[in-house]
Amino acid sequence: MNTIYKDKLIEVTDQEVVFHRYYFPFGGDKHVPLSHIESIQVREPSLFGGSWRIWGTGDFRTWCPFDGGRPGRDKIFLATLRNSFRRIGFTVEDSQKVISIFREQGLLHSTPSA
């Protein structure tokens with residue numbers, strides 16, 4: 001596997017995305033193959049859009065890995081998984097670079113305005 005992007009929150013390789021500090025309460029990593037990701041949306045942070053969701057879920061569908069800096073991040077990403085009700089809401093340190101990577105991989109889809 002070749003690492004394309006890595007920070008303290010996620011790692012993107014040519015085969016998977018690794019979400020660091022995903023599992024509560026011990027913070028183990030979650031490995032998701034790129035083939036299991038249906039789409040990724042990018043949203044502006046908002047009070048009801050996950051900017052204060054430090055770790056866990058607020059809607060029973062979207063799980064957010066731990067990020068104590070989430071309230072200060074400029075983008076929130078939402079990964080919809082194939083054949084799953086669950087989604088992964090996550091943040092990164094360099095959102096523009098990650099947007100470019102996901103666009104190149106054909107995973108980035110337009111974001112609804114809500």
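The values are calculated or read from the model by the stated rules, or taken from the named source; none is laboratory data. All figures in this text were calculated on a predicted structure; none of them were measured in a lab. All Cβ positions, glycine included, derive from the backbone under ideal geometry; neighbour counts span all protein chains shown. Keep in mind that these areas ignore ligands, DNA and RNA; they rest on the heavy atoms of the full protein, side chains included. Shrake-Rupley method; radii C 1.70, N 1.55, O 1.52, S 1.80 Å.
Points worth noting:
- Simple Cβ-charge dipole of the chain, Lys/Arg +1 and Asp/Glu -1, about Cα centre, in debye nearest 20: 300 debye
- Potential extension, L47-K6 segment - 0.36 nm per residue separation minus Cα distance: 12.1 nm
- Listed residues S100, S35 arranged by accessible area, highest first, probe 1.4 Å: S35, S100
- Residue by residue, the stretch 81-92 carries 3J(HN,Hα) couplings of 9, 5, 6, 8, 6, 6, 10, 10, x, 8, 10, 9 Hz when phi is fed to the Karplus relation 6.51 cos²θ - 1.76 cosθ + 1.60 (θ = phi - 60°); x denotes Gly or Pro.
- Placing unit charges on the Cβ atoms of the charged side chains and taking the dipole of the chain about its Cα centre, the candidate lying farthest along the positive direction among H109, Y5, G89 is G89.
- Rounded to the nearest 500, the 222 nm mean residue ellipticity of the chain from helices alone is -2500 deg cm²/dmol, with -39,500 (n - 2.57) taken per DSSP H run of at least 4 residues.
- Solvent-accessible surface (1.4 angstrom probe) belonging to K75, in square angstrom, nearest 10: 40 Å²
- Of the chymotrypsin sites (Phe, Trp or Tyr not before Pro) in the stretch 26-114, those whose Cβ has at most 13 other Cβ within 10 Å and which sit in DSSP loop: F26, F48, W52, F60, F85
- Computed over protein heavy atoms with a 1.4 Å probe, the accessible surface of the stretch 17-79 works out to 54 Å² per residue.
- In terms of Cα atoms, the Rg and Dmax of the stretch 22-109 work out to 12.4, 34 Å.
- Note on the stretch 1-59: Cα-only Rg and Dmax are 12.9, 37 Å.
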